[in-house]
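Visitor: Here's a structure for you.
The values are calculated or read from the model by the stated rules, or taken from the named source; none is laboratory data. Quick caveat, the model's predicted, so the values are computed rather than measured. Note: ideal-geometry Cβ built from the backbone for every residue, glycine included; neighbour counts use all protein chains shown.
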Amino acid sequence: MKKITCHQLGGACDLVFEANTFQEAAKMSKDHGTEMFQKKDKAHLDAMNKMRELMHTPDAMQIWMKEKEDLFNSLPHI
(Lines give C-alpha, C1' and ligand atoms only; values in the text may rest on other atoms or scores of the structure.)
Protein backbone atom coordinates (compact mmCIF):
# COMPACT_ATOMS: atom_id res chain seq x y z
CA MET A 1 0.00 0.00 0.00
CA LYS A 2 1.24 3.49 -0.88
CA LYS A 3 -0.04 7.02 -0.27
CA ILE A 4 -0.21 9.79 -2.86
CA THR A 5 -2.03 13.10 -2.72
CA CYS A 6 -4.40 14.82 -5.08
CA HIS A 7 -1.77 17.56 -5.43
CA GLN A 8 0.97 15.08 -6.36
CA LEU A 9 -1.31 13.83 -9.14
CA GLY A 10 -1.84 17.33 -10.50
CA GLY A 11 -4.87 18.23 -8.39
CA ALA A 12 -5.55 21.07 -6.02
CA CYS A 13 -5.65 19.61 -2.51
CA ASP A 14 -3.86 17.36 -0.08
CA LEU A 15 -6.46 14.58 0.00
CA VAL A 16 -4.55 11.31 0.40
CA PHE A 17 -5.27 8.30 -1.77
CA GLU A 18 -4.10 4.94 -0.42
CA ALA A 19 -3.63 2.31 -3.11
CA ASN A 20 -1.67 -0.79 -4.00
CA THR A 21 -1.21 0.20 -7.66
CA PHE A 22 -0.96 3.37 -9.66
CA GLN A 23 -4.11 2.37 -11.53
CA GLU A 24 -6.06 2.24 -8.25
CA ALA A 25 -4.72 5.66 -7.22
CA ALA A 26 -5.54 7.10 -10.64
CA LYS A 27 -9.12 5.83 -10.36
CA MET A 28 -9.50 7.36 -6.89
CA SER A 29 -8.09 10.63 -8.22
CA LYS A 30 -10.47 10.58 -11.18
CA ASP A 31 -13.45 9.93 -8.91
CA HIS A 32 -12.35 12.76 -6.60
CA GLY A 33 -11.93 15.06 -9.60
CA THR A 34 -15.42 14.19 -10.81
CA GLU A 35 -16.84 15.02 -7.38
CA MET A 36 -14.97 18.34 -7.25
CA PHE A 37 -16.12 19.15 -10.80
CA GLN A 38 -19.74 18.53 -9.80
CA LYS A 39 -19.27 20.75 -6.74
CA LYS A 40 -17.73 23.41 -9.01
CA ASP A 41 -14.70 23.64 -6.70
CA LYS A 42 -12.70 26.54 -8.14
CA ALA A 43 -9.26 25.29 -7.11
CA HIS A 44 -9.87 21.89 -8.67
CA LEU A 45 -11.44 23.40 -11.79
CA ASP A 46 -8.33 25.57 -12.20
CA ALA A 47 -6.10 22.49 -11.80
CA MET A 48 -8.18 20.59 -14.35
CA ASN A 49 -7.88 23.43 -16.84
CA LYS A 50 -4.12 23.55 -16.32
CA MET A 51 -3.87 19.79 -16.92
CA ARG A 52 -6.04 20.08 -20.02
CA GLU A 53 -3.65 22.69 -21.43
CA LEU A 54 -0.67 20.41 -20.78
CA MET A 55 -2.30 17.38 -22.41
CA HIS A 56 -3.03 18.80 -25.83
CA THR A 57 -1.62 15.72 -27.59
CA PRO A 58 -1.83 11.97 -26.94
CA ASP A 59 1.96 11.90 -26.49
CA ALA A 60 1.78 14.60 -23.83
CA MET A 61 -0.86 12.62 -21.97
CA GLN A 62 1.21 9.41 -22.09
CA ILE A 63 4.31 11.25 -20.83
CA TRP A 64 2.33 12.83 -17.98
CA MET A 65 0.83 9.47 -16.99
CA LYS A 66 4.26 7.80 -17.06
CA GLU A 67 5.72 10.56 -14.86
CA LYS A 68 2.91 10.16 -12.32
CA GLU A 69 3.20 6.37 -12.38
CA ASP A 70 6.96 6.63 -11.82
CA LEU A 71 6.32 8.99 -8.91
CA PHE A 72 3.81 6.56 -7.39
CA ASN A 73 6.21 3.64 -7.83
CA SER A 74 9.01 5.58 -6.13
CA LEU A 75 6.94 6.19 -3.00
CA PRO A 76 7.57 4.03 0.06
CA HIS A 77 5.12 1.34 1.07
CA ILE A 78 3.12 2.08 4.20
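Visitor: Kindly list the number of the only condition in (1) outside any helix (DSSP H, G or I); (2) modelled with pLDDT of 95 or more that fails for His56.
Guide: (2)
Visitor: Determine the pairs where a residue that is under 18 Å from Ile63 (Cα atoms), located within segment 4-27, has a partner that is of a type in the set (Lys, Arg) and part of a helix (DSSP H, G or I) with Cβ atoms under 6 Å apart, the partner being 6 or more residues away or on another chain.
Guide: Note: pairs meeting the criteria are Leu9/Lys68.
Visitor: Just one of (1) over 11 Å from the mean Cα position of the chain (by Cα); (2) at pLDDT 95 or above; (3) over 13 Å from Ala12 (Cβ atoms) trips up Lys27, so point out which.
Guide: Result: Lys27 fails condition (1) only.
Visitor: A further question on this structure: Going through Lys40, Lys68 one at a time, which residue ends up being at pLDDT 95 or above and either assigned to a loop (DSSP other than H, G, I, E, B) or surrounded by fewer than 16 Cβ atoms within 10 Å (Cβ to Cβ) (or both)?
Guide: Sole residue among the options that is at pLDDT 95 or above and either assigned to a loop (DSSP other than H, G, I, E, B) or surrounded by fewer than 16 Cβ atoms within 10 Å (Cβ to Cβ) (or both): Lys40.
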